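Have a look at the structure below before the remarks.
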């Protein structure tokens, strides 16, 4: 009886509190799908421009006479560090000024730099353009999330975040498939110039569709200094555990995507085309399903009024840790691929839950900053160190003549998945408790 009464009170009191954390400029009717389509195109275009150098690596190397080290600098840690660290000041600008203005400038910057990259005649000029792409794309997700928080009603916010996040797997698929085809037929320069020109058109469309987003009224909370506001948010137990979960997610996802295809090729003797096709199709399918279903279920969790908004993804990560461990030692390739699916699904499924919960904890006017901190958590340490750790373990095992050395190295993925699930469960408890106290 006590639990039932508490649940009833939660539903009556928490939803108004949740609503207050979101802006009051909501769009309605046909403008909702139009806005979501525009933001989805922004997300997909950003991912396409980011992925193109990966699929065009060999032709760029041959044309500009670059080394693998130079290409690694262009596509690896330098881009990741620039992208994650610049997201913070751009997120702050989106929170304190007009997120539409910030997003528009970011799209035009990364699109122009992608286009200029197609005209590069040297490593230094191409590196300059890639840093420009990282600079522009660093502000895209925080600004887009700020727009979603301001424009989309609370009951549709999870779905909106899911649709926006769906641009990541679809953009990756298009970048690899279409970018590779254009690169093979018309050359890498045409691929970059075409992607840059498309980005400019998407940017103009997005700015027109989004409509005015004037700066929010200044309050004591959103006028805090940049560093103080970040530290205050991280001092919250709920957000701190969300951040820890994001860091663990980076150590799970980055090594998985870096080495899953090489694992299938090396351990199960699949060809590159066979492994790439299977992995690519599953990545697209699980990405679409995970983000959309995750967004809808997050909305349902918000409507329940309990404040428990991270339980399902935490449980999925626990399941994924078991299936991924089994996949690394499966005797046949098809079983290994099937057992990888829950892990791939968990990465996409978590996105709307994690960002939605982060916005909820941060409160009105700090959504972009919350997104930026989550991006730093998942995008900095894990991508920089995770693949390196896997490679070192694999090399050591191979040198010691231990079979399946890469599989042993990839055990970091299920270990980090468990940590992600645990951190999200703890964050879940803190979020529910903090909402009851408001």
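Each value in this text was obtained by applying a stated rule to the coordinates, not by laboratory testing. Treat the numbers as computed from the prediction; the structure is a model and nothing was measured. Methodologically, a virtual Cβ is constructed for each residue, glycine included, from the backbone with ideal geometry; neighbour enumeration extends over all protein chains shown.
Points to keep in mind about this one:
- The chain: relative contact order in percent, alpha carbon pairs under 8 Å with at least 6 residues between: 25 percent
- Annotation: extensible slack from residue 65 through residue 398 equals 116.7 nm (criterion: 0.36 nm per residue apart, minus Cα-Cα distance).
- The spacing between region 318-347 and region 143-192, judged by their C-alpha centroids, is 26 Å.
- Label point distance in nm, residue 155-residue 54, each placed 7 Å from Cα along Cα→Cβ: 3.9 nm
- Protection-proxy order for peptides 85-94, 293-302, each taking the mean of Cβ atoms within 10 Å per residue, highest first: 85-94, 293-302
- Two-decimal ratio, region 26-212, of alpha-carbon radius of gyration to 2.2 N^0.38 Å: 1.03
- Three-way shape label, region 161-256, alpha-carbon gyration tensor, a/c 1.5: oblate
- Value of Rg/Rh across region 32-115 [Cα atoms, Kirkwood radius]: 1.05
- Taking other C-beta atoms within 10 angstrom as a stand-in for reagent exposure, 151, 364 fall in the order 364, 151, fewest first.
- Taking every C-alpha pair closer than 8 Å and separated by at least 6 residues, the mean separation divided by the residue count of region 26-212 gives a relative contact order of 42 percent.
- Arranged from fewest to most other beta-carbon atoms within 10 Å of their beta carbon, 381, 406 become 381, 406.
- Straightening the chain between residue 335 and residue 235 buys 31.6 nm, computed as 0.36 nm per residue apart minus the Cα-Cα spacing.
- Answer label, with Cα Rg over 2.2 N^0.38 Å calculated from the coordinates and candidates (1) 0.97; (2) 2.37; (3) 1.05: (1)
- Each part gets one Cα centre, and for region 48-67 versus region 110-128 those centres are 11 Å apart.
- Taking 0.36 nm per residue of separation and subtracting the Cα-Cα distance, full extension of the segment from residue 108 to residue 124 would add 3.6 nm.
- Segments 195-206, 116-127, 410-421 sorted - mean Cβ within 10 Å per residue, highest first: 410-421, 195-206, 116-127
- Protection proxy ranking of 383-393, 28-38, by the mean of other Cβ atoms within 10 Å over each peptide's residues and highest first, is 383-393, 28-38.
- With contributions of -39500 (n - 2.57) from each DSSP H run of at least four residues, the per-residue ellipticity at 222 nm computed over the chain stands at -28000 deg cm²/dmol.
- Region 232-291 versus region 395-438: alpha-carbon centroid distance in Å: 12 Å
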